[in-house]
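Written below as structure tokens is the structure these notes are about.
The values are calculated or read from the model by the stated rules, or taken from the named source; none is laboratory data. Fair warning: this is a prediction, and the values are worked out from it, not measured in the lab. Note that we place each Cβ from the backbone using ideal geometry, even for glycine, and neighbour counts take in every protein chain shown.
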Amino acid sequence: MKDPAFQVRSKVWVEVRGLLAIVAGVLLLWSWPWMASAEDLLIFAGAASKPPAEKAAKLFSQQNHLAVRITFGGSGFVLSQMKLSRQGDVYFPGSSDFMEKAKRENLVYPETEKIVAYLIPAINVQKGNPRNIHSLKDLLKPGLRLAIADPESVCVGTYAVEVIEKNLQPEEKEQLRKNLVTTVESCEKTANVISLKGVDAVIGWRVFGNWDGERIETVLLKPEEVPRIGYIPAAVSKFTRNMALAKQFVDFLVSPPSQSMFRRYGYLMSRQEARQYTLPVTPVGGEYMLPAAWKRKKP
């Protein structure tokens, strides 16, 4: 049985660690204008796009002879960094949920938003699937070690909760939460916890199997179990120092050279491709309101 006192200390440490990370990130970013010229770019990006986004940024940097710096993390986390530091040229979250929040808080120019790629939630397991996980209900097996991303600050965590709430009965959700041994701070860490065999399964993105095909295997959800088709948007930040250059970078993300990099990692480049994994009526994008039961309790 888990020690309640240990659980409380763990939750407090997670919150303190997150706060310290934001403070450290903001202090670092405040120094950025002194290190960069107005012809450089600072991108705040959700880690859902990390492998191809790094390559796209490198190509854009080489073609335009400028520096492109990307701060990756949970989409909500990097949005907080951008807002608190009042820095950044482009916001590039891992889902529409956090872009909608950015628009609501007047942190981006809505008319500059473009969809870069589409994502489908899925179950990710260790290569070879040693725990024989073939469906969502298999995540209820007693003793299974499950992880999801923090649903309040990470896009894939938000989708994980939506999958659970849409498809499981109350008693099934209770069992699943007994198996939930940790929450992590980004899409990248969600994939890494499987790569490093820290857990038996995560509810992540379908593309995680393409990130590390030697160590991650993807188990698709049934089409009717997918609550929404996700997508990765990008928009110019209200704090940009160079509107024209920021818009040029957003346009580059949807250009053929950049799109080919995303496709190489298994991202879906159109709604039609994404619909192969869903019902014809499955909604696209939007914003999911996290149930109170999944939110951290405020002190």
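Which count do you get for residues in the range 250-299 that are under 22 Å from Val90 (Cα atoms), surrounded by 14 or more Cβ atoms within 10 Å (Cβ to Cβ) and among the acidic types (Asp, Glu)?
Residues that pass the stated criteria total 1.
Do you know which residues across the range 164-192 are surrounded by 21 or more Cβ atoms within 10 Å (Cβ to Cβ) and hydrophobic (A, V, I, L, M, F, W, C)?
Ile164, Val184, Cys187, Ala191
Examine the range 236-246 for a residue that is under 18 Å from the mean Cα position of the chain (by Cα) and surrounded by 21 or more Cβ atoms within 10 Å (Cβ to Cβ), and state whether such a residue exists. First the steps, then the outcome.
Step one: of the range 236-246, the residues under 18 Å from the mean Cα position of the chain (by Cα) are none.
Looking through the range 236-246, none of the residues is under 18 Å from the mean Cα position of the chain (by Cα) and surrounded by 21 or more Cβ atoms within 10 Å (Cβ to Cβ).
So which residues in the range 39-89 are of a type in the set (Lys, Arg) and assigned to a strand (DSSP E or B)?
Here is the first cut: in the range 39-89, the ones of a type in the set (Lys, Arg) are 50, 55, 58, 69, 83, 86.
Of everything in the range 39-89, just one residue is of a type in the set (Lys, Arg) and assigned to a strand (DSSP E or B), namely Arg69.
Restricting attention to the range 270-285, which residues are in a loop (DSSP other than H, G, I, E, B) and out of contact with any Ser or Thr (no Cβ under 6 Å at 6 or more places or on another chain)?
Restricting attention to the range 270-285, the residues satisfying the condition of being in a loop (DSSP other than H, G, I, E, B) are 270, 278-283, 285.
Within the range 270-285, Ser270, Thr278, Leu279, Pro280, Val281, Thr282, Pro283 qualify.
Would you confirm, using the coordinates I've provided, whether Val254 is in contact with a strand residue (DSSP E or B) (Cβ under 8 Å, 6 or more places away or on another chain), in contact (Cβ under 8 Å) with a residue 24 or more places away in the chain and not assigned by TED's automatic domain parsing to the domain that holds Ala67? Talk me through it step by step, then tell me what you get.
On the way: in contact with a strand residue (DSSP E or B) (Cβ under 8 Å, 6 or more places away or on another chain): yes; in contact (Cβ under 8 Å) with a residue 24 or more places away in the chain: yes; not assigned by TED's automatic domain parsing to the domain that holds Ala67: no.
No; evaluated as a whole, the condition is false for this residue.
If we keep just the residues of the range 115-141 that are touching a strand residue (DSSP E or B) at 6+ places or on another chain (Cβ under 6 Å) and under 22 Å from Pro283 (Cα atoms), which is surrounded by the most Cβ atoms within 10 Å (Cβ to Cβ)?
Ala117
Would you call Ala244 of a type outside the set (Phe, Trp, Tyr) and in contact (Cβ under 8 Å) with a residue 24 or more places away in the chain? Don't jump to the end; show me each part of the working.
On the way: of a type outside the set (Phe, Trp, Tyr): yes; in contact (Cβ under 8 Å) with a residue 24 or more places away in the chain: no.
Spelling it out, it is not the case that Ala244 is of a type outside the set (Phe, Trp, Tyr) and in contact (Cβ under 8 Å) with a residue 24 or more places away in the chain.
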